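Chemist: The structure follows.
The values are calculated or read from the model by the stated rules, or taken from the named source; none is laboratory data. Just so it is clear, the structure is predicted and the values come from calculations on it, not from any experiment. Here the Cβ is made from the backbone with ideal geometry for all residues, glycine too, and neighbour counts use every protein chain on show. Quick note on the areas: whole protein, heavy atoms, side chains included, nothing else; ligands and nucleic acids left out. Shrake-Rupley method; radii C 1.70, N 1.55, O 1.52, S 1.80 Å.
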Amino acid sequence: MDLRYTEAEQAFRADLRRWLAATIPTLPEKPAPTDWPGRRAYDTNWQRLLFDAGYAGVDWPVEGGGRGASPVEELIFKEELERAHAPYVGVNFVGLLHAGPTIITEGTPEQRQQYLPAILRGDNVWCQGFSEPNAGSDLASMRTRAVRDGDEYVINGSKIWTSHAEVADYCELLVRTGPEDSRHRGITWLILPMDTPGVEIRPLATMAGSTEFAELFLTDVRVPVANRVGEENDGWRVTMVTLSFERGTAFVGDLLEAFELLASSVALARRTGAWSDPGVRRQAGHLRAELDALYAMTRRTVSQAARTGVPGTGGTYFKLAYPDVRNKLGEFSLSLLGRASLGADDLDGLDGLGSLPSEEMVEDWLRGISLTIAAGTSQIQRNIVGERFLGLPREPSASSGKSA
Amino acid sequence: MDFEPTGIQGELAEGIRRLLAGAFPLDQLRTRENQEKVIDRDGWTQLAEAGVFSLCLAEEAGGVGLGLAEATLVFEELGRSLVPGPLVATHLAAGLVDGAEDGSVVVGMVERPSGPSANVLPVFIEHLADLDVLLVLSDRGIEQLDPATLSARPSRRPMDPLTPVWSVSSLPEGEPVAGPEIVAWWRRDGRVLTAALQVGLAAWLTDLSVAYAKERQQFGRPIGSFQAVKHLCADMTTRVELARVGVQAAGVTIDQPDVGAPDVVAAGAKIVADEAAITNGRSAIQVHGGMGFTWEVPVHLAYKRARLHATQFGTADRLAEMIADALADGLGGPTDVG
Ligand SMILES: Cc1cc2nc3c(=O)[nH]c(=O)nc-3n(C[C@H](O)[C@H](O)[C@H](O)COP(=O)(O)OP(=O)(O)OC[C@H]3O[C@@H](n4cnc5c(N)ncnc54)[C@H](O)[C@@H]3O)c2cc1C
């Protein structure tokens, strides 16, 4: 067990830190949170800068056009970006973390050629059309149907909670190609160009007041068979392949941001005087202890991936433990703001000491709420831990879809 | 950076686990429940021979010369096996008290109460009848006392049946043997080692619960198929995983102080491990149902031991306040060091 970085790792960090120090000040002003075209332009511009500097797809294999960095370098990359307050992966999320990696392993040479460089350069934005109104946790029950017609699929159905759909060029779309009750065995993975006739996008407001996700309505949408990744009816396996790219770094930026949020909460408490309350201090100390343990878990998972080349169980434990800590932190900062949390604008700092991070804290608290739901709810994570890791018997009626 | 245990570290833990299974089987330990002496001197010597007490002592001083990181692996196993006795105290005393390192001297430890409520409650001392030396820690330093000279009252109802306790209304002055810098160091390392014991308890409680959940049938199926039970178990193992890496990271940070803030992560490790052990104790009882409330099922032994550890080297609230002080002093995040 060694937490010191090697010389090569330190050099990687130093180079990156230098590049970030030179680049971040040249970025355009951040668009308003509700200005989605502006956010797309901002995020893809950042992706282009990463690309030009050789940092695009830092974790992608070299064959896919990535940098092929080690898991530890990937961790350093995310640490340094957060440290420099660099832009997030933002609208590039699905392309870089899901669609791209899937095409690298399962796509044809033509598909790789056509889609991967555009993702890395920030030319194309992708979204993920998996969930449906009646198929969330039980994704294998999805019904959006694709029927073969010559060398095209004709698609009818709908998708929901599709993040960044409004600004996406492509969608990684799961469709039913097998019989209605074929579950995992009858799903196909398709590339859907978002400007195809018959695709209707209806923005869906989140409880945080943002329209980051949308509903997709698909009516007689025609997609060439050449857009299929993997075999027909083999889409479930194709989807799972993406998971093998996860090396424990998915939440590094988010977690480091939580450390910062705790620090600003402490600063706020000291300014308002709440810090003299031992209860407040204890909550802060407890939260820091939990965040440190979560960071240790991140380092363990990354180290495991570096040793074995496959994702361990750490990511699942993290996914289960992190949202609770994050939500406690949200409640903590909100309770420190007190009634100032009711008007979510930055406070002027009437005490003359500068503005207080009120708006950020309220945003953060709201966003934190989605962590127990998005990408697999905490209940589903507990089923996975109980059944796959601990070997407990399955629910009588298939909690993770065994009945299929 | 490579935070995975090395092959040698893995073998160390494995070796200790094998030794403990042979030398400290639970049914034998249980024959000593509620007795005034619970330490088996042969077993204690075997622990010493395996390096439990001399692990972190320099090789020149007759020790094994390993770090606290390795010690966390060993102490997790000791915790899991419910080995009774002042393990942490004797480990810390190796190098200061002759004979601690080779197991010939059993060293106990107690904090001298301070502050406004110091004289309200008596002072409780674990394992007094088994001790050869008692060390008293305070902010001023460490004093040594001869346990035989104390007029102490044994408790008729020790909370942990394998940890007999005595009370004294006040502690006499002892012979000074070390200064405040050693106290600070011992408290910090003591937190990490006690936290490692807690991880072992938390893990053992999980194992017992998972095994029971697979075997116990109700409504015609194993209770572990019910989510209400399954999710308790999933949360138990998640707590263990989190506490374990926290404790190991604290051990490494103490061995390699330039990678973090050793005092902060030591305190944090104990907070998270205390919580894992205590909460898992409650969950384990729940998973076992009525059997969980019996004396026969050993779950309560681990739960009570966890409660005992929670009182040692600083309670979670006290430790959280220490971390809060560091935060107020501008403690940075994990990327602000190294
Ligand atoms: C911010 C955000 C972004 C998202 N982005 C995308 C996206 O880009 N693309 C996409 O395809 N999807 C996306 N999703 C959808 C997300 O994956 C689903 O919301 C999630 O999988 C849960 O499905 P559901 O909402 O239908 O809830 P349901 O499955 O209906 O669950 C409702 C409740 O029942 C519980 N439950 C369900 N089944 C079980 C069971 N077997 N055992 C125990 N409890 C159970 C759940 O835990 C939950 O508490 C996003 C969601 C959020 C919140």
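Chemist: Where the second residue is open to solvent by 20 Å² or more (accessible area, probe 1.4 Å) and the first is among the hydroxyl-bearing types (Ser, Thr, Tyr) and lies in the stretch A:63-89, which pairs have Cβ atoms under 8 Å and are six or more apart or on separate chains?
Modeler: Sorted first by the residue in the stretch A:63-89, then by its partner, the pairs are A:70/A:306.
Chemist: Among the residues of the stretch A:99-119, is any within 14 Å of the ligand (Cβ to nearest atom) and of a type in the set (Asp, Glu)?
Modeler: No, the stretch A:99-119 contains no residue that is within 14 Å of the ligand (Cβ to nearest atom) and of a type in the set (Asp, Glu).
Chemist: Let me ask you something else. Conditions: (1) assigned to a loop (DSSP other than H, G, I, E, B); (2) of a type in the set (Asp, Glu); (3) not assigned by TED's automatic domain parsing to the domain that holds residue B:31. Residue B:160 meets all but one. Number of the miss?
Modeler: Residue B:160 satisfies every listed condition except (3).
Chemist: I need the full set of residues from the stretch A:123-140 which are more than 10 Å from the ligand (Cβ to nearest atom) and open to solvent by 10 Å² or more (accessible area, probe 1.4 Å), in order please.
Modeler: Passing the criteria: A:123, A:124.
Chemist: Further question: If residue B:48 passes every condition in (1) among the small types (Gly, Ala, Ser); (2) within 20 Å of residue B:92 (Cα to Cα); (3) open to solvent by 40 Å² or more (accessible area, probe 1.4 Å) but one, which one does it miss?
Modeler: (3)
Chemist: Still on this structure, I have one more. Quick test of your reading of the structure: residue B:257 fulfils all but one of (1) closer than 30 Å to residue A:10 by Cα; (2) touching a helix residue (DSSP H, G or I) at 6+ places or on another chain (Cβ under 8 Å). Name the failing condition by number.
Modeler: Every condition holds for residue B:257 apart from (2).
Chemist: Here are the criteria: (1) among the β-branched types (Val, Ile, Thr); (2) in contact with a Ser or Thr (Cβ under 6 Å, 6 or more places away or on another chain); (3) within 14 Å of chain B (Cβ to nearest Cβ). Tell me which single one residue A:266 does not satisfy.
Modeler: (2)
Chemist: Right, something else. Which of the residues that make up the stretch A:279-293 are among the aliphatic types (A, V, I, L, M) and facing another protein chain (nearest Cβ under 7 Å)? Break it down stepwise before answering.
Modeler: Of all residues in the stretch A:279-293, those among the aliphatic types (A, V, I, L, M) come to A:280, A:284, A:287, A:289, A:291, A:293.
Scanning the stretch A:279-293 gives A:284, A:289, A:293.
Chemist: A further question follows. Picking from B:227, B:256, which residue would you name as being within 16 Å of the ligand (Cβ to nearest atom) and touching a Lys or Arg at 6+ places or on another chain (Cβ under 8 Å)?
Modeler: Just a single option satisfies the conditions, and that option is B:227.
Chemist: Would you confirm, using the coordinates I've provided, whether residue B:186 is among the aromatic types (Phe, Trp, Tyr) and open to solvent by less than 10 Å² (accessible area, probe 1.4 Å)? Talk me through it step by step, then tell me what you get.
Modeler: Numbers: among the aromatic types (Phe, Trp, Tyr): yes; open to solvent by less than 10 Å² (accessible area, probe 1.4 Å): yes.
Yes, satisfied.
Chemist: Hey, can you tell me all the residues within the stretch B:243-258 that are touching a residue at least 12 places away in the same chain (Cβ under 8 Å) and open to solvent by 20 Å² or more (accessible area, probe 1.4 Å)?
Modeler: B:244, B:254, B:255, B:258
Chemist: Now, a different point. Got a sec? Which strands (runs of 3 or more DSSP E) wholly within the stretch A:150-215 have at least 2 residues that are within 27 Å of residue A:105 (Cβ to Cβ)?
Modeler: Hits in the stretch A:150-215: A:152-163, A:170-176, A:187-193.
Chemist: Of the residues A:59, A:15, A:43, only one is surrounded by 19 or more Cβ atoms within 10 Å (Cβ to Cβ) and either within 27 Å of residue B:4 (Cβ to Cβ) or in contact with a Cys (Cβ under 9 Å, 6 or more places away or on another chain) (or both); which?
Modeler: Values: A:15 fails: surrounded by 19 or more Cβ atoms within 10 Å (Cβ to Cβ); A:43 fails: either within 27 Å of residue B:4 (Cβ to Cβ) or in contact with a Cys (Cβ under 9 Å, 6 or more places away or on another chain) (or both).
Going through A:59, A:15, A:43 in turn, just one is surrounded by 19 or more Cβ atoms within 10 Å (Cβ to Cβ) and either within 27 Å of residue B:4 (Cβ to Cβ) or in contact with a Cys (Cβ under 9 Å, 6 or more places away or on another chain) (or both): A:59.
Chemist: Yes or no: residue A:175 within 16 Å of the ligand (Cβ to nearest atom) and either without any contact (Cβ under 8 Å) to a residue 24 or more places away in the chain or not small (Gly, Ala, Ser) (or both)? Give the steps one after another, and end with the answer.
Modeler: Values: within 16 Å of the ligand (Cβ to nearest atom): yes; either without any contact (Cβ under 8 Å) to a residue 24 or more places away in the chain or not small (Gly, Ala, Ser) (or both): yes.
The answer is yes for residue A:175.
Chemist: Right, something else. Residues of the stretch A:295-309 being in contact with a Pro (Cβ under 8 Å, 6 or more places away or on another chain), open to solvent by less than 30 Å² (accessible area, probe 1.4 Å) and of a type in the set (A, V, I, L, M, F, W, C), which ones?
Modeler: Scanning the stretch A:295-309 gives A:302, A:305.
Chemist: Please identify the pairs in which a residue from the stretch B:206-231 that is facing another protein chain (nearest Cβ under 9 Å) has its Cβ atom under 6 Å from the Cβ atom of a residue that is open to solvent by 50 Å² or more (accessible area, probe 1.4 Å) and part of a helix (DSSP H, G or I), counting only partners at least 6 apart or on another chain.
Modeler: B:222/B:214; B:224/B:214
Chemist: Can you give me the number of residues within the stretch B:285-338 that are more than 17 Å from residue B:269 (Cα to Cα) and within 14 Å of chain A (Cβ to nearest Cβ)?
Modeler: Let us first name the residues in the stretch B:285-338 that are more than 17 Å from residue B:269 (Cα to Cα), namely B:285-305, B:328-330, B:332, B:335-338.
Next, from what is left, pick out any that are within 14 Å of chain A (Cβ to nearest Cβ): B:287, B:328-330, B:332, B:335-338.
Number satisfying all stated conditions: 9.
Chemist: While we're on this one: Tell me the residue from B:21, B:69 that is among the hydrophobic types (A, V, I, L, M, F, W, C), surrounded by fewer than 16 Cβ atoms within 10 Å (Cβ to Cβ), in a helix (DSSP H, G or I) and not assigned by TED's automatic domain parsing to the domain that holds residue B:247, please.
Modeler: B:21
Chemist: OK, next. Being at negative phi, within 14 Å of another protein chain (Cβ to nearest Cβ) and open to solvent by less than 70 Å² (accessible area, probe 1.4 Å) narrows it down to one of A:31, A:71, so name that one. Break it down into steps so the answer makes sense when it comes.
Modeler: Details: A:31 fails: within 14 Å of another protein chain (Cβ to nearest Cβ).
Unique residue meeting the criteria: A:71.
Chemist: Here are the criteria: (1) among the polar types (S, T, N, Q); (2) without any contact (Cβ under 8 Å) to a residue 12 or more places away in the chain; (3) at the interface with another protein chain (Cβ under 9 Å from one of its Cβ atoms). Tell me which single one residue A:276 does not satisfy.
Modeler: Result: residue A:276 fails condition (3) only.
Chemist: Condition test on residue A:239, is it among the β-branched types (Val, Ile, Thr), more than 10 Å from chain B (Cβ to nearest Cβ), buried (at least 18 other Cβ atoms within 10 Å of the Cβ) and in a loop (DSSP other than H, G, I, E, B)? Walk me through it before giving the result.
Modeler: Details: among the β-branched types (Val, Ile, Thr): yes; more than 10 Å from chain B (Cβ to nearest Cβ): yes; buried (at least 18 other Cβ atoms within 10 Å of the Cβ): yes; in a loop (DSSP other than H, G, I, E, B): no.
Judged against the criteria, residue A:239 is not a match.
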